[in-house]
Protein chains: 2
Amino acid sequence: MHPQLSVSTRGPVLVIGSGLLGASIGLGLGAHGVPVTLRDSSPAALALARDLGAGAIATAADAEPTLVVVAAPPDVTAGLVAEALCAHPGAVVTDVASVKAVVLEALLATPGLDLNRYVGSHPMAGRERSGAAAASADLFAGRPWVLTEHEGADPAAVLAVRSLAVDLGASPVEMGTQEHDRAVALVSHLPQLMASLAAARLVDAPEAALALAGQGLRDVTRIAASDPRLWSAILTGNAEAVLDALRGVRDDLDGLLDALDRAAHDGPLALGAIAGISAVISAGNDGAARIPGKHGGARKRYVEVTVLVPDQPGELGRLFTEIGEIGVNIEDFQMEHSPKQRVGLAIVSVAPGSVRTLETALEERGWRVVSQ
Amino acid sequence: MHPQLSVSTRGPVLVIGSGLLGASIGLGLGAHGVPVTLRDSSPAALALARDLGAGAIATAADAEPTLVVVAAPPDVTAGLVAEALCAHPGAVVTDVASVKAVVLEALLATPGLDLNRYVGSHPMAGRERSGAAAASADLFAGRPWVLTEHEGADPAAVLAVRSLAVDLGASPVEMGTQEHDRAVALVSHLPQLMASLAAARLVDAPEAALALAGQGLRDVTRIAASDPRLWSAILTGNAEAVLDALRGVRDDLDGLLDALDRAAHDGPLALGAIAGISAVISAGNDGAARIPGKHGGARKRYVEVTVLVPDQPGELGRLFTEIGEIGVNIEDFQMEHSPKQRVGLAIVSVAPGSVRTLETALEERGWRVVSQ
């Protein structure tokens, strides 16, 4: 007996690669009762994904999958897709690699593949933490999922991959491989490099400077914690589009260096200094304003309540215990604090309907709630 | 009759500049019953700050202030400080501009000023929105407030500015003006420019590319919405330190361009391509890990223990209570968790010597500890 399926994907689904994306796909499908099996070259990664509920470990005795999802770094993706097409002649095969042209080119150059069963795809979802431990059934909810259908793709294969995206709560978007790669160069690969370049300047920064860090630096560098092995594969796999974007950055950067050089030599009001800097900041204003949904969307499903927490052992525990007693569920949590500070800021995300209850009850119990 | 004062600052305090910082100072002092008056070159900005409760509009009939706070853009700060020192011969004068050396240099170059009553300062607090409308009495709570005491400063003046910081909930930090300026170049000015440079690439991006934007791009570019006028003044006022940092970025960028060029010509496995990219991403990892608080500092000195927490009210509180009973001190904490997930991951940072004790005791109590 299977549970009632509320989704189109029937399975069995074989997920190859049990990292963040693979495990999240397994969790999402499993939540709808779709049977999922997992493969990974790392036995430890595989066991973690299984323990978290992402699926069963694949064995030779498994029923043939109807869908295979390759969720591996881009430099090994084409090889795994080719293998899956051969090993599972009845299955539709997709991959979720974040570069699409090199994967398709490699597959087109491989003789003897039944490529009409393959449709490349790329869910636009991720986190700064990698691995199954960061996985979530809802990772794809409300996110675009790009399908890069090639000319020879079977309509039934396209439908199967589109259904996978929809079943996981994502919105399918169709693009060519080149169009996709140029788009992600701007909205994903370039931001990654800018975060890494900014964070790299901190390697030799004095401790006293780092102690002044605030939310601006944290936001700009959040994704700088990303995996070098994965990102080297992504960026070499999209070299031309990333080069185009980065050359634009270098031109702007040269303008900034010139303006700052003038100010350093002739003072803050040096000819051209203000104009040169202002041009880049203004262009940044214009570019940032084009990002859709900046103040809406999924991000605002919860409301943040900020509480001052004295920097003493047990205070954070007491806060959480009391929030539990108040009966409000914590949806997310962040701690903001610096060394030697007397207080930290606990930022508790809760459902909008619980904000008033929580704020009032915490204040009654003597907590200092920071009004936003 | 004044309300009972729980703070050291007695006032009256005159705040010159009624934007985000000035209005927040007025709100914070006013909440403790300290009398605050406001001045601003913009009557509309002044009226807004008054209406929000940041203080009364200053008049010629006011009692002499004991403390004047100049909260204006850096390029007009020195002039306003000089004016305040002359107009209020009994008052301590501070400013909160985000560059400190140019302000002090300009004041030292102005003849006839009683500079022992002046102490420069810089609260490390801000928001992406500017103006009094974004002000908050708690803006400075838990944040560092840098004091850049110069040689001739009167100890009583230093104490008055230190008290202001403490009264507003901030943590005073002492630094020289040059040390401060080099520090903020790395942790504030460089991130601003990297955000602007990344966002500037979006000006001509296709709509379809922008529709793929995710949280990474939003975080990297959040502060790109900043005011060009204010930032031009800040950056020209700190040109040498920002130049140093930006030249480091250009060197790294040139390495990236070379690596990508190799990959574009000779394919993803081109000689030196992976190494060149990996070097920058890895340096970014190292730099990001040094940021204290949420992302970093704690991670180096402490070890993370990850615990699965059922998504039910009270469970997180029970976890913290039991960690307290086990007798292990929590140094930092993060929650990894998405809506609708069955479990969240509580990432508890503890001293390396406590890891084994904590893991064993939690498992005995039925918690699921995820091995890293």
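Nothing in this text is a laboratory measurement; each read-out follows from the coordinates by a stated rule. Note that the structure is predicted; figures quoted are calculated from it, not measured. So basically every Cβ, Gly included, is an ideal-geometry build from the backbone, and we count neighbours across all protein chains shown.
The table that follows gives values for the structure above.
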| item | result |
| --- | --- |
| Most mobile listed residue (A:72, A:351, A:97) in chain A, GNM with C-alpha springs under 10 Å | A:351 |
| Within 10 Å of each Cβ in B:269-277, the average number of Cβ atoms from other chains | 3 |
| Kirkwood hydrodynamic radius of the stretch B:182-289, from inverse mean 1/r over distinct Cα pairs, in Å | 15.8 |
| Exercise: per-residue mean of other protein chain Cβ atoms within 10 Å, A:130-139 | 4 |
| Bins of 10 Å, starting at 0 and running to the largest distance - Cα pair percent for the stretch B:77-122 | 30, 63, 7 |
| Interchain or long-range residues, amide H under 5 Å from residue B:370's placed H | B:306, B:307, B:308 |
| Ranked packing of A:181-193, B:99-111, most packed first, by mean Cβ within 10 Å | A:181-193, B:99-111 |
| Percent of C-alpha pairs per 10 Å bin, the protein assembly as shown, short to long | 3, 14, 22, 24, 19, 11, 5, 2, 0, 0 |
| Semi-axes of the equivalent ellipsoid for the stretch A:13-175, Cα gyration tensor, largest first, Å | 22, 18, 15 |
| Per-selection Rg to Rh, the stretch A:183-238 - Cα, Kirkwood hydrodynamic radius | 1.04 |
| Peptides ranked, highest mean first, by Cβ atoms within 10 Å: ranges A:271-278, A:359-366 | A:271-278, A:359-366 |
| Area projected by the alpha carbon convex hull of the stretch A:126-262, averaged over all directions, nm² | 11.5 |
| 7 Å along Cα→Cβ, label-point gaps from residue B:6 to other copies, nm, shortest first | 4.8 |
| Inter-copy spacing of residue A:265 label points, which lie 7 Å from Cα along Cα→Cβ, given in nm from shortest upward | 3.3 |
| Rh (Kirkwood; distinct C-alpha pairs) - the stretch A:250-289, Å | 10.2 |
| Peptide A:176-184, shielding by other chains (average Cβ, 10 Å cutoff) | 2 |
| Simple Cβ-charge dipole of chain B, Lys/Arg +1 and Asp/Glu -1, about Cα centre, in debye nearest 20 | 660 |
| Per-copy distances of the residue A:347 label point, shortest first, in nm (7 angstrom along Cα→Cβ) | 1.5 |
| MRE, 222 nm, helices only [DSSP H, n ≥ 4, -39500 (n - 2.57), over chain A, to nearest 500] | -13500 deg cm²/dmol |
| Per-peptide average of other Cβ atoms within 10 Å, ordering B:247-253, B:200-206 highest first | B:200-206, B:247-253 |
| HN-Hα J in Hz across the stretch A:138-146 - Karplus 6.51, -1.76, 1.60, θ = phi - 60°, x for Gly and Pro | 9, 4, 9, 4, x, 9, x, 10, 7 |
| Quarter of Cα convex hull surface for chain A, i.e. mean projection, nm² | 23.6 |
| Under-5 Å amide H pairs with residue A:19, H placed in peptide plane, nonlocal only | none |
| Rounded Å value of the spacing that divides the Cα centres of the stretch B:125-199 and the stretch B:15-70 | 19 |
